[in-house]
Every structure is written in C-alpha cells, then in structure tokens.
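Student: Would you mind keeping the following structure in view while I ask a few things?
The values are calculated or read from the model by the stated rules, or taken from the named source; none is laboratory data. What you see is a predicted model, and the numbers here were worked out from it, not measured in a lab. Note: ideal-geometry Cβ built from the backbone for every residue, glycine included; neighbour counts use all protein chains shown. SASA here: full protein model, heavy atoms, side chains in, ligands and nucleic acids out. Shrake-Rupley method; radii C 1.70, N 1.55, O 1.52, S 1.80 Å.
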Amino acid sequence: MTLSEAFLWPGTKACEKMGVDPEGEAGLLRWMVNTLVYLVLSLTVVWVLVV
C-alpha cells in the first residue's frame, strides 16, 4: 500500500461498500468522504491541543 492509497483508504472503502467504482465517476464521492473523515480528525486534534 502506497502513501496515497493510505490517505484515500476511507473514501475507497466507503465507495466499495456502496458498490460504486471509486476510480470512476465516484471520485467526487470518495473525495467527500475523505474530506469529512479528515476534517473530523483534524478538528479533534486541534480541540485536544487547545483545551
């Protein structure tokens, strides 16, 4: 597994679970899932560091 595959893993798994090809037209769906996952992780880290 390459570094880029590791970063895209949450969105890829979500697309596979829904039965769509993450490499095709569902690339935006994979992008949205990855954005939400990493947004929550980033906000959690910032919250822990600030509080």
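Student: Tell me, what is the per residue accessible area of the chain in Å², probe radius 1.4 Å?
Tutor: 83 Å²
Student: Here's something else I'd like to know. When the Cα atoms of the chain are enclosed in a convex hull and the volume is divided per residue, what value in Å³ results?
Tutor: Taking the convex hull of the Cα positions in the chain, it is 78 Å³ per residue.
Student: As a check on your grasp of the helix formula, calculate [θ] at 222 nm for the chain: sum -39500 (n - 2.57) over DSSP H runs of n ≥ 4, divide by the residue count, round to the nearest 500.
Tutor: When only DSSP H runs of four or more count, the value is -27000 deg cm²/dmol.
Student: In addition: Residue 3 to residue 25: FRET efficiency via 1/(1 + (r/R0)^6), r the Cβ-Cβ distance, R0 30 Å, to the nearest 0.05?
Tutor: The calculated FRET efficiency here is 0.75.
Student: Report the accessible area of residue 45, computed with a 1.4 Å probe over the heavy atoms of all protein chains in place, in Å² rounded to the nearest 10.
Tutor: Counting only protein heavy atoms, residue 45 exposes about 80 Å² to solvent.
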